[in-house]
Amino acid sequence: MMILANRFTLSYAKVLLAATRPEQLAESEKPKKLEGVSADDLARMEREMERLHRDIRAVEGGLGDTMLVLVVAKGYVSKLFRNATVADFLDRHHPEVAAEMRSIIDAIGGDARTLDR
């Protein structure tokens, strides 16, 4: 969860610990201690964590298909830019579009390499 949220703080770790159900903890027999959090707050955080886990699983399920479509589209647009006539036309008449398409190509290439690892 911390990696997905890109948050690595002690307070975030404490909230994640507080929102985790006891049966999901490595040491489930130890009671969780978080000062200033009521039982209602804990129950609400547990429900929100469950919803977040479901959302993450749903996104992960479609990620492979989405990346495949993006990589194929990137290949097509990259091929267009390898055509000097097309690239020159876009650079002269639509420089903003050409720059944006190149940045998208670079971004998709970087994301695809990250997934391969």
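Points to keep in mind about this one:
- In segment 64-93, the residues that are closer than 14 Å to residue 105 by Cα reach residues that are small (Gly, Ala, Ser) and surrounded by 14 or more Cβ atoms within 10 Å (Cβ to Cβ) with C-beta atoms within less than 6 angstrom, at least six apart or across chains, in these pairs: 71/112; 81/87.
- Positions within segment 9-23 being loosely packed, with under 13 Cβ neighbours inside 10 Å and modelled with pLDDT under 75, in sequence order: 21, 22
- Looking across 29, 46, one residue alone is modelled with pLDDT of 75 or more and either of a type outside the set (S, T, N, Q) or within 30 Å of residue 108 (Cβ to Cβ) (or both). It is 46.
The values are calculated or read from the model by the stated rules, or taken from the named source; none is laboratory data. Model, not experiment: these values are computed from the prediction. Here Cβ is always computed from backbone atoms with ideal geometry, including for glycine, and neighbour counts include all displayed protein chains.
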